[in-house]
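Here is the structure we will look at.
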Amino acid sequence: MPRIRVEVDGVTYEDDVEPRLLLVHYLRDRLGKVGTPIGCDTTNCGACTVLFDGMSVKSCSVLAVQADGRGITTVEGLGTDGTNHPMQRAFHEEHALQCGFCTPGMILASIDLLRENADPSEEEIREGLEGNLCRCTGYQNIVRAVRKAADEMRQPAQSEVAP
Ligand code: FES
Ligand code: FES
C-alpha cells in the first residue's frame with residue numbers, strides 16, 4: 001500500500017492508503033475532516049472542493065496518493081487564528097447560504113477565484129463558480145458575498161496604511 005505524506009490544514013499526516021482511495025474519503029474518513037461534504041458521485045456539484053496547493057479542486061476527483069507531498073486546505077483550515085477568513089465573514093454577512101451544504105466548497109472555490117482575479121465582475125464570479133452548485137439557488141447572495149470579500153481583501157492592512 002502506498003504511503004503518503006500530506007499537509008492538511010497546517011498539520012502533516014503520514015498514512016498508508018489504498019491506491020484507489022479518493023482524497024475526499026481520506027479527508028473525511030481518515031482525518032475526520034467532515035466539513036468537506038460529498039454531494040454527488042459524478043464530480044458535478046463542487047461540494048467537496050478543497051484547496052490543493054492553493055488551487056481549488058473537487059476532492060472526489062482526486063486520489064489520495066496524488067496529494068503526496070502537497071498541501072491541502074479544507075474549510076476547517078480557514079480562520080483557525082480565531083478570526084474568520086474575509087470570505088467566511090462575507091458569506092455570513094450577506095446571508096450567502098441557506099442549508100449550507102454547498103458553502104464549504106463555495107467558499108474555497110471563491111478564495112481561489114480571487115487568487116486569480118482580485119476584482120472580478122459579477123459575470124466573472126458567476127463564471128468562476130459554475131462548477132459549484134447550490135440547490136437552494138442562493139446565487140445572488142453568493143455573488144454579493146464574493147464581491148464584498150474581494151473589496152475587503154484588496155484593502156491594504158491597517159499597519160500598511162498607518163504612517
Ligand atoms: S461530491 Fe465532489 S463534485 Fe460532488
Ligand atoms: S445553501 Fe443549500 S445547497 Fe447551497
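Loop-located trypsin sites (Lys or Arg not before Pro) across region 1-62 with a Cβ neighbour count of 15 or fewer within 10 Å are R20, with loop assigned by DSSP. Scanning residues 5 or more positions from V8 or on other chains, those with amide H under 5 Å from its amide H are Y13, I72, with H placed 1.01 Å from N in the peptide plane. For region 1-79, just say rounded, prolate or oblate: build the C-alpha gyration tensor, square-root its eigenvalues into a ≥ b ≥ c, call rounded for a/c under 1.5, and beyond that prolate if a/b exceeds b/c, oblate if not. It comes out oblate by the Cα gyration axes.
Run the numbers on region 1-129 and let me know its relative contact order in percent, using alpha-carbon pairs under 8 Å that are six or more apart. Intermediate results must be reported in sequence, preceding the final value.
Numbers: 215 pairs, mean separation 33.8, N = 129.
Taking the mean separation of contacting Cα pairs over the length of region 1-129, I get 26 percent.
Remark on H85: its backbone amide H falls under 5 Å from those of G79, a criterion applied only to residues 5 or more positions apart or on other chains, H modelled at 1.01 Å from N.
What net charge do the residues around G39 carry, taking every other residue with its C-beta under 13 Å from that of G39, with Lys and Arg at +1 and Asp and Glu at -1? Don't skip to the answer; put the middle values down first.
Numbers: positive: R28, K58, R135; negative: D41.
Within the 13 Å Cβ shell, the charges total +2.
In plain terms, the bigger the Kirkwood radius, the slower the diffusion; for the chain, with that radius from Cα pairs, at 20 °C and 1.002 mPa s, Stokes-Einstein puts D at 131 µm²/s. Note on the chain: with a GNM built from Cα contacts shorter than 10 Å, the maximum mean-square fluctuation among C40, C60, C48 falls on C40. Amide hydrogen proximity for L22: with H placed 1.01 Å from N in the peptide plane, the residues at 5 or more positions away or on another chain lying under 5 Å are A64.
Values in this text are rule-based calculations from the coordinates and carry no lab data. What you see is a predicted model; the values in this text were computed from it and never measured. We place every Cβ from the backbone using ideal geometry, glycine too, and count neighbours over all the protein chains shown.
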